[in-house]
């Protein structure tokens, strides 16, 4: 089983005095591979915490949870061009991880096979200890700090 959380993003194209909000898509978060007992625990205790970790609001931007559901592990949760973010309870914290494949819908240089992002979730949508690793088509793994230098040498 898995828990799937869907969000809506809105941006204010006006200002604080005269807001003009536009919807700009959203995100999909997945708590994967749960037992029945874990699913019930997350449903009862984790959803309010996850909402507080995901949701963010200020006068120009907001992201908020619009829905959540419990699905089978093999259920499709988003369109093929979208990449959900997996959430894991690790060492007393919620950790988010997303691997973006650079395939048919990819936007990265052709040398890049995938990009993996990971961070510890903090209240109000903040991220701590953000890390990114690029996996190249030749199998090399490069950190975010190293990727530009690596690609310039490969060119």
* Asked: So what are the three principal axis dimensions of the range 75-155 from its Cα atoms, in whole Å, longest to shortest?
  -> 42, 30, 21
* Additional length obtainable on full extension of the chain from residue 56 to residue 133, 0.36 nm per residue less Cα span -> 25.2 nm
* Asked: Distance from the Cα centre of the range 1-30 to that of the range 120-145, in angstrom?
  -> 23
* To do: Using DSSP, restrict attention to beta bridges with both residues in the chain and report what percent are antiparallel, rounded to the nearest 5.
  => 95
* Prolate/oblate/rounded label for the chain (Cα gyration tensor, a/c 1.5) -> oblate
* Structure fact -> Stretched fully, the stretch from residue 17 through residue 91 gains (0.36 nm per residue minus C-alpha distance, one decimal, in nm) 22.3 nm
* Contour minus end-to-end for residue 41 and residue 101, with contour as 0.36 nm per residue of separation and end-to-end as the Cα-Cα distance? -> 18.5 nm
* Asked: Which of the peptides 124-130, 14-20, 113-119 is most tightly packed, and how do the rest follow, judged by the mean count of other Cβ atoms within 10 Å per residue?
  -> 113-119, 124-130, 14-20
* Mind checking which of 131, 109, 98 has the largest fluctuation in a GNM of the chain, springs on alpha carbons under 10 Å? -> 109
* Using only the alpha-carbon atoms of the range 2-77, report the extent along each of the three principal axes, biggest first, to the nearest angstrom. => 48, 25, 12
* What does the helix-only formula give at 222 nm for the chain: each DSSP H stretch with n ≥ 4 adding -39500 (n - 2.57), the total divided by the residues, and the result rounded to the nearest 500 deg cm²/dmol? -> -3500 deg cm²/dmol
* Mean separation of Cα contacts under 8 Å, 6 or more apart, over the residue count of the range 24-155: relative contact order % -> 20
* To do: Report the far tail of the P(r) of the range 1-43, meaning the percent of Cα-Cα pairs longer than 15 Å.
  => 58
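Bear in mind these aren't lab numbers, they're just calculated from the coordinates by the rules spelled out. Model, not experiment: these values are computed from the prediction. Glycine gets a Cβ as well: all are built from the backbone with ideal geometry, and neighbour counts include every protein chain shown.
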